[in-house]
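The values are calculated or read from the model by the stated rules, or taken from the named source; none is laboratory data. If you're wondering where the values come from, they're calculated on a predicted model, not measured in any experiment. Don't worry about glycine lacking a Cβ; one is built from the backbone with ideal geometry, like all the others, and counts go over all protein chains shown. Accessible surface areas use protein heavy atoms only, side chains included; no ligands, DNA or RNA. Shrake-Rupley method; radii C 1.70, N 1.55, O 1.52, S 1.80 Å.
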Amino acid sequence: MVCTTLVLLTTLAALPSPTLLPRPQKVTASQGAFPLAGVAVRIAGRATAEDRFAANELATFLSGKTGKKVAVGGGSRAIVLRRTGTASEIPMPDEPAGRQSREAYALEVTPRSVEISSPSSAGIYYGVQTLKQLVAGAGATASLPAVEVEDWPSLAYRGYMMDMSHMGLPTEAEVKKQIDLLTRYKANQYYFYSEASIELERTPMMSGGGRFTQDSVRRIIAYARERHMDVVPMVELFGHMHDLFRLEHHADLALEPHAGEFDPLNPRVAAVVTAFAEEHADLFPSPFVQIGFDEPWALDVSAKRPGAGSPEQLYTKMLKTVYDALARKKKRVGAYGDIMMKHPAIVKDLPKDLIIYPWFYNVRDDYKPYFEPFAKAGLKTILTTGVMSWFWIVPDIQRTLENTDRFLAEGRRHGNIGILNTGWTDDTLVLMRSAFPGMVYGAVAGWHDTPIPRAQFLSDYTAIEYPPAAADHVKRGLEAIDDGHTKLSAVVKETTIYATFGDPFAPGRLSAVRQNRAQVSEARKLAEVAQDHFRKALKLGANPDGVESWLLGAEAVDYCALRHLYALEITDLWQRVMANPTLDAVKLWINRELATRYHTRLVDLIEQSMDLQKKYEQAWLREYTPYRMPGSMIRWTEEAMRWSQLRRRLYKWSGSFKEGTTKIPPLATMTGDLF
């Protein structure tokens, strides 16, 4: 496998356009090139709608590259798309990966001809994505290098899950933008995570302001299917259901009224979860349904009630109720594996065709516990990783990539059949366009047989996604902000969203910043470098999708570092006055340095936090509907008000100071109730 990889890398390096993601399984370069001037796209044999979609997408792309309209149809010089079978257009249960995959394709380019062949339209579509990356040059000189490609996926299921239920609700257009990105890199499943984010006929009041209509869901499904991506419903039918229980009609279904978890002993619950499951199954034509069943926090408490039975019995009973309802709808059911790992006795009672989704989002040394109990029981697994962005100002790129690689390596040893990369939006500053590199990495990793060369990934990704003049700036900006964010996180020792709104005057935090001041300062410098690169990339024509979000993330990292540095400096200035409590010292170090209405540290923090609020509102509306935006943005208002109140307190105190009679109080008397 290592030798094959070395040969592939050498071959790719010899190509005029060597940047390919995913890297094909086998590439053989030849001499010469196929000029694209005057080319057409032709479908061999009887064309399906899916074949025509791939042909039209390729023709549109080549028209942009050559500057001339590329027709779909005849022509003496044509790129031929040849489907050789009738395999399914979307993933189906129990399908193979590897050379026998329905998604396998062959691409051959000679100086005189180009052909893509596959047993399915999905394979044709993936061959088109590779061909698009092979194009060298533009205008009259655009061409394809002479090459033979044999390619297939290493995993049959390569998915991404979008969280529709925690903070921002993505617009329909944003979901389609994500699908476009993911399918360019050969992902084939899009998991639609909904606790209560879809209009349902049986619960019409649920999440009225923050949900997709059924027509919108159908449009998303159709859009994805054209691109050979299956939209899989991911629902929560045990915990995480507060949005249902906050309705008075359903409040009593929870373990406690208006709580977040179904009461498995309530006699009405079985009918409700069955109806919920059936309605989702009817709306989504996917052969798969993922039912959640993760994190029922009160399961052990619930089992302590008289006559409840063990936690394992309660869990299995609930799961079987939902499983049976979906089995009647001919759906293949999946569920998260965390509770089964906590209560391993559950595993023996699980349906044998249940797909288990073991999940872990950080980096650890040993991933065996996430697979062994299920492999021993003969159950199939789809490992679940995530782009680490839900409590961070910007995604932690390197930890995301490393966890993906390590998790996958162990999964392969246990016969894991797929990868599900997740995009959670648990907190207010999450901009999912910042997660684009991590989303792409997850898709690509599921296609490759071997780990992606991580050091090369950002270079390859940016080279494909951005114009040559802008690509290096995007790459260098991503590297700088990831490095700066990592340095800052190591000092504040909590996720950076919390650090942005937490107490920077806490003794432990002040001590950590004092000991690592140079590192916090370096984080700011790297954030400033990143901002410079992202602004240059935008001026050089980079697509603002992603870049604008990374730019804002860099500004937020800059601010988070700044508020910690300023808190330390404010503390030190206060200590200086305590050591020399003269009127001149108070005027200089408190009034002029901190409390006046312009050009002071506190005014900096007020102005920057208010500026960031406006920018986050704009960024939010680029990706999400207005639902929940006011509740999220209020944190910035509170942040500005804290610094404003501190400034007023210091201004008032310094103005009333009388040398020799005014006692200098601890700084905590000024800051203690603000954070």
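Quick rundown of the values:
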item	result
DSSP-assigned coil residues among GluC sites (Glu not before Pro) in region 186-233, each with at most 13 further Cβ atoms within 10 Å	GLU201
Selection of chymotrypsin sites (Phe, Trp or Tyr not before Pro), region 567-617, meeting DSSP coil and at most 13 other Cβ within 10 Å	TYR598
Cα-based helix-to-principal-axis angle, 172-184 vs the chain, degrees rounded to 10	60
Mean residue ellipticity (222 nm) of the chain, computed from DSSP H runs ≥ 4 via -39,500 (n - 2.57), nearest 500	-15500 deg cm²/dmol
LYS348 - accessible surface, heavy atoms, 1.4 Å probe, Å² rounded to 10	140
Relative contact order %, the chain, counting alpha carbon pairs below 8 Å whose residues are six or more apart	11
Accessible-area value, LEU247, 1.4 Å probe, nucleic acids and ligands omitted, Å²	40
Translational D in µm²/s for region 515-640 (Stokes-Einstein at 10 °C, 1.306 mPa s, Kirkwood Rh from C-alpha pairs)	95
Linear extension gain, ARG535 paired with ARG412, 0.36 nm per residue minus alpha-carbon span	40.2 nm
Cα shape, region 444-598, gyration tensor, a/c 1.5 rule	prolate
1.4 Å probe accessible area per residue over region 430-503, in Å²	29
Of all accessible heavy-atom area on the chain, the percent that carbon and sulfur account for (1.4 Å)	54
Neighbour net charge for ALA71 - beta-carbon separation under 12 angstrom, K R +1, D E -1	+4
DSSP beta bridges in the chain [antiparallel fraction, %, rounded to 5]	30
Contact order relative to length of region 254-371, as percent, for alpha carbon pairs under 8 angstrom and 6 or more apart	25
Dmax and Rg, reported as Rg then Dmax, of region 532-571 (C-alpha, Å)	13.8, 44
Charge dipole (the chain, unit charges on Cβ, about Cα centre) - positive-most of TYR498, LEU314, THR171	THR171
Region 159-220: trypsin sites (Lys or Arg not before Pro) in DSSP loop, at most 15 other beta carbons within 10 Å	ARG202
Cβ-defined net charge surrounding GLU639, 12 Å radius [Lys, Arg +1; Asp, Glu -1]	-1
Region 365-523: projected area of the alpha-carbon convex hull, averaged over directions, in nm²	11.1
Per residue solvent-accessible surface (Å²) - region 279-416, probe of 1.4 Å	39
Spatially proximal lysines relative to LYS615 (Cα-Cα < 25 Å; intrachain offsets below 8 disregarded)	LYS176, LYS177, LYS475, LYS487, LYS525, LYS536, LYS539
Å² of accessible area per residue within region 562-609, as computed with a 1.4 Å probe and no ligands counted	46
C-alpha center-to-center spacing [region 53-93, region 302-351] in angstrom	46
FRET E, pair ASP584, ALA490, Förster distance 41 Å, beta-carbon r, rounded to 0.05	0.55
Anisotropy class of region 265-365 from Cα gyration tensor, a/c 1.5 cut	oblate
Kirkwood Rh and Cα Rg combined as Rg/Rh, region 311-361	0.96
Set LYS342/LYS368; LYS587/LYS652; LYS587/LYS614; LYS348/LYS368 screened for pairs whose C-alpha atoms are more than 22 Å apart	LYS587/LYS614
Label-point separation, ASP365 to VAL80 (7 Å along Cα→Cβ), nm	5.7
Summed residue charge, Cβ within 13 Å of ALA59's Cβ, Lys/Arg positive, Asp/Glu negative	+4
Above-threshold pairs, the threshold being 24 Å between Cα atoms, out of LYS186/LYS329; LYS331/LYS352; LYS26/LYS65	LYS186/LYS329; LYS26/LYS65
